[in-house]
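*Asks:* The structure's right below; bear with me while I get my questions together.
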Amino acid sequence: MLKKLRFISAFLLLCSIAGLLQAAPLKMATTTSTQNSGLLDILLPAFQKDTGIEVQVIAVGTGKALKMGRDGDVDVVMVHAVAAEEKFVAEGYGTDRVQFMYNDFVIVGPKSDPAGIKGEKSVTAAMAKILEKQAKFVSRGDDSGTHKKEKSLWKAANLTPSGSWYIEAGQGMGKVLQMASELDGYSLTDRGTWLAYKGKVDLELLNAGDEKLSNPYGIIAVSKAKHPDTNYTAAKQMIDWVSGQPAQQLIKNYRLHGEPLFIPLLLK
């Protein structure tokens, strides 16, 4: 009888330990756009319900998120800068990268549109008009995915923005939109954050649709080879989960003002 009790106690202890290990929180660095858009408020509770894994979110720019991954401060990153993501993986810091959704970037600005960019089909032509007029432009200025995209667009237009009209905020997308609204300025933003903030700021969507404005999102597990203590098991579970049909359907169904914020890439 005593042996049986000891066996049961040992078994319960092992189950308890296994439960604790399964429930270990997952640390995720992600962009301010996934948080500001409200998407994480939809995805993360569903993920925890399905897996029992709590996600601790650190919302920063893509550059900072990838640095946190390089330093082993998080287990998984969810970002939107393809070249930087590919470099992160190629250097051995990330594994199991999956592109799972996309939206696009847009240029928003004052309704008066002093640079006259509304209706302009080419985003680089629109940015050239902003520079020519030296109309106020509020940049993220934080090495985020949006900032990287903005810099690539100036480069594609063979332009270098500088001067008092060009304001580098060093802030997340939501705060940048608020600044642009207060200053009657333009800004480049992801569509998801724009839809979340359009009723809170005095701005208008003025330029969209150019293929250069495509904005895919990737999720990457931090390499266990580089950082043995990383919670790779939970990171891989999250990658598989957001790639699965239920999560892809949640992404498809998430709308604000009747418009989709993100488009799933893996929905069958």
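*Asks:* Residue by residue through region 55-71, what is 3J(HN,Hα) from phi via Karplus (6.51 cos²θ - 1.76 cosθ + 1.60, θ = phi - 60°)? Round to whole Hz and write x for glycine and proline.
*Replies:* Result, ordered by residue: 10, 9, 9, 10, 9, 9, x, 4, x, 5, 4, 5, 5, 4, x, 4, 7 Hz.
*Asks:* Cα-Cα pairs above 19 Å in region 104-213: how many percent?
*Replies:* 33
*Asks:* Plugging the Kirkwood radius over Cα pairs into Stokes-Einstein for the chain, at a temperature of 10 °C and a viscosity of 1.306 mPa s, what D comes out in µm²/s?
*Replies:* 80
*Asks:* So what is the 222 nm mean residue ellipticity for the chain from helices alone, if each DSSP H run of at least 4 adds -39500 (n - 2.57) and you divide by all residues, rounding to the nearest 500 deg cm²/dmol?
*Replies:* After summing the helix terms and dividing by the residues of the chain, the value is -13500 deg cm²/dmol.
*Asks:* Okay, next question. Run through all the Cα pairs of region 157-250 and give the fraction in each 10 Å bin from 0, expressed as whole percent.
*Replies:* It works out to 12, 28, 27, 22, 10, in whole percents.
*Asks:* What is the distance in Å between the Cα centres of region 204-268 and region 76-108?
*Replies:* With region 204-268 and region 76-108 each reduced to a Cα centre, they are spaced 9 Å.
*Asks:* Something else about it: So for region 119-182, Kirkwood radius off the Cα pairs, Stokes-Einstein at 37 °C and 0.692 mPa s: how many µm² s⁻¹?
*Replies:* For these conditions, the coefficient is 272 µm²/s.
*Asks:* Right, something else. Hey, quick one: spin label on residue 265, modelled 7 Å out along Cα-Cβ, who in region 116-147 has an amide N within reach, i.e. under 20 Å?
*Replies:* Answer for region 116-147: 144-147.
*Asks:* If you average the alpha carbon positions of region 166-201 and of region 37-64, how far apart do those two centres end up, in angstrom?
*Replies:* So the separation of the two Cα centres works out to 23 Å.
*Asks:* Next question. In the P(r) worked out for region 23-93, what percent of Cα pairs fall beyond 17 Å?
*Replies:* Every Cα pair in region 23-93 considered, those over 17 Å come to 43 percent.
Read-outs: derived from the displayed coordinates by stated rules, not from any lab. Given the structure is predicted, the values throughout are model-derived calculations rather than measurements. A quick note on method: Cβ atoms are made from the backbone with ideal geometry, for glycine too, and the neighbour counts reach across all protein chains shown.
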